[in-house]
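See below for the structure under consideration.
The values are calculated or read from the model by the stated rules, or taken from the named source; none is laboratory data. Keep in mind that this is a model prediction, so the values were computed, not measured. Backbone-built Cβ (ideal geometry, glycine too); neighbour counts: all protein chains shown.
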Amino acid sequence: MRINARSITSFIPTESRLLIDKAVQNMIFLYIKRSLYWNKVTRFFRPIVAFVAILLVVLSYATPKALASDHQDTTFLATKLTAADLTDLYVFESPTDSNNVVLVMDFDPLIVSGEMRPFDPNVLYQFKIDNTGDSIEDVVLQFNVNGTSNNQTVTVRGPSSPIKVGTESALLPVSWTGQLNQTFSTHNGMKFFVGTRKDPFFFDLEQFFKIIPDRNYLLQPNPSPPFQVLSFRPPGQAQDTLAPFNVHSIIAELPRQLLGSGKIGTWMTTSVKTPRLTNGNFAQIERLAVPALNELFMDFKAHNNSNLQTPTKDASSQSQFIKAFVNAIGRPQGIADAVISVAIPDVIQADLSKSSGSYFGSQLGNNFGGRRPKDDVIDVTASVVFGDAVTGITAGQFPDLTSDNVGPNNANFLSAFPYLGNPL
């Protein structure tokens, strides 16, 4: 199968050199530390590390500092403020109480074993839930951390109707407070955990970077052409790149009726205060829901704009990127139509009237839907985009790209709340 690499790279631009400030240095050195953690990744990054080390010395003097108050530059904020970097959203039926639903927000990734990374009190974390079918939030659940010492506490607001909808958020009245890294319960059947957990996501990210090198931050600004490698590693050789890392998590279990009675759509956001909002409200800087959506289909520059949008306002742009990607790899338009039908708008859909479900189940079948930590979302997505799953379309398949051959590790999960495994 011939692939039009030029058409792929035409919608995958490089990142701006102007963003390489002290914050980017920190992020690069974090990647270097991560790469040194295990030998195979060290061999993969060694020539890049040497180049980056020299480049940073030069750019630290040549590149002007970005202003910390520039809260409108979402890429800058996401690079500078790792605490606002969202990684995964999970929405699933409680395995211990059929009346409850569980919401999980993971953020601040690549925490190594033994690292005590503090939570950032300047970030507002929110679950946003639509229960009327318009992908506009009807219920919000807000979290923020207080203090900077080892005794940081967490404040919970909601769940209740938002004071403002969209990308500007106002704080709800305080509902509860609790300690970090400890489960705390409320009088109305809710329980919360905010703290460090084992990262539940599983993916051979190292091999994915070989398939689409542009997605690797360290390979900018001159990545190799995409799809020179046309397969994931086979079973037994595939590796879970995220296995050595922890993540920060917000986990909430609550009665279903507090979110709605039928189908809901859920997404998560991080927001910060900005001088642009003189009323003291928070401005959205990150938004995430459907896994692998932006990461696979959308280029970096467009991701900046996506983070600043609501699911409804971003739907057209995300759809166009899906169509462009599918066209660039030479697959029929029906593949893009199938992805758009289940993934756009960018919310995780669930049917609260159903007892159990599967990933994309509320769109494709008659079950709860949502996303569980053990759901193999990479294989589901890849089998549609590169295979014939769901669509039955066989033209232009890439059989060796339909699975990364990495599955969930049961050691990373708990059978009871907070469900994500203890940190390494």
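Values computed for the structure shown
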read-out: Filter pass, ARG276 being surrounded by fewer than 18 Cβ atoms within 10 Å (Cβ to Cβ), among the charged types (D, E, K, R) and farther than 19 Å from MET105 by Cα; value: yes
read-out: Odd one out for SER316 among (1) at pLDDT 95 or above; (2) polar (S, T, N, Q); (3) assigned to a loop (DSSP other than H, G, I, E, B); value: (3)
read-out: Among residues of segment 353-400, those that are in a loop (DSSP other than H, G, I, E, B) and under 24 Å from PHE208 (Cβ atoms), counted; value: 20
read-out: LEU288 vs. criteria touching a residue at least 24 places away in the same chain (Cβ under 8 Å) and surrounded by 19 or more Cβ atoms within 10 Å (Cβ to Cβ); value: yes
read-out: Some residue of segment 312-320 being under 20 Å from ILE129 (Cβ atoms) and among the charged types (D, E, K, R); value: yes
read-out: Within segment 149-207, tally of residues that are surrounded by fewer than 15 Cβ atoms within 10 Å (Cβ to Cβ) and among the basic types (Lys, Arg); value: 1
read-out: Options PHE201, PHE127: the member that is of a type in the set (Phe, Trp, Tyr), in a strand (DSSP E or B) and within 26 Å of ASP351 (Cβ to Cβ); value: PHE127
read-out: Only listed residue being crowded, with 18+ Cβ neighbours inside 10 Å and either modelled with pLDDT under 90 or under 30 Å from LYS128 (Cα atoms) (or both), chosen from ASN246, ASN222; value: ASN246
read-out: Subset of segment 344-361 (residues that are under 12 Å from PHE92 (Cα atoms) and not hydrophobic (A, V, I, L, M, F, W, C)); value: GLN349, ASP351, LYS354, SER355, SER356, GLY357, SER358, TYR359, GLY361
read-out: Residue match in segment 283-290 (condition: of a type outside the set (S, T, N, Q), closer than 25 Å to LEU141 by Cα, under 14 Å from the mean Cα position of the chain (by Cα) and part of a loop (DSSP other than H, G, I, E, B)); value: yes
read-out: Some residue of segment 112-119 being touching a residue at least 24 places away in the same chain (Cβ under 8 Å), in contact with a Leu (Cβ under 8 Å, 6 or more places away or on another chain) and closer than 19 Å to VAL145 by Cβ; value: yes
